[in-house]
Amino acid sequence: MNDEQKVHLATLYLDGNTDVWFQDYQEGKGSLYWEDFIIDVCTRFQELGHDNVVGEFKKLDNVNTVLEYQEQFEELKALMLAKNPSLTEEYFIHSFISGLKEDIRMVVQMFTPNTLQQVIFLARR
């Protein structure tokens, strides 16, 4: 796929304020280059609250449901890996477990899971 085809395909999935932004963004541009497009989208829609992603990640705790905790964890995990791709699965296993409510944490640890997928499965059960 060339750059313009990549941009066109990606824009098929835009909706709401992202779609409105893109309509204005593309106005007056001849060719749209993929690399420029992804930088501009990320710059425009980045969540400024994620500037200190490491601090957010370390403070993440299971306050409500395990599913909500899992979703927050996965979002921050992706950001952490973007900043430091050398982080291991073991690091994320320990981080996820340590953020669980104590009663859930003890049960999960009892099974000594060795993948993050197993940890999440056990916590959600």
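The values are calculated or read from the model by the stated rules, or taken from the named source; none is laboratory data. The structure presented is a predicted model; accordingly, all values stated were derived computationally and were not measured. Using ideal geometry, Cβ is built from the backbone for each residue, glycine included, and neighbour counts are taken over all protein chains shown. Remember, those area values only see protein heavy atoms, side chains included, never the ligands or the DNA or RNA. Shrake-Rupley method; radii C 1.70, N 1.55, O 1.52, S 1.80 Å.
Here are the numbers for the structure shown:
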| item | result |
| --- | --- |
| First in segment 22-33 and at pLDDT below 85, second anywhere and surrounded by 10 or more Cβ atoms within 10 Å (Cβ to Cβ), Cβ under 8 Å, 6 or more apart | Ser31/Asp3; Ser31/Glu4 |
| Subset of segment 55-78 (residues that are open to solvent by 60 Å² or more (accessible area, probe 1.4 Å) and touching a Gly at 6+ places or on another chain (Cβ under 7 Å)) | Asp61 |
| Residue list for segment 83-119, filter: open to solvent by 80 Å² or more (accessible area, probe 1.4 Å) and within 16 Å of Gly55 (Cβ to Cβ) | Lys83 |
| Check on Gly28, at positive phi and out of contact with any Cys (no Cβ under 9 Å at 6 or more places or on another chain) | yes |
| Search result, residues across segment 28-44 that are assigned to a helix (DSSP H, G or I), open to solvent by 70 Å² or more (accessible area, probe 1.4 Å) and of a type in the set (D, E, K, R) | Glu35, Asp36, Arg44 |
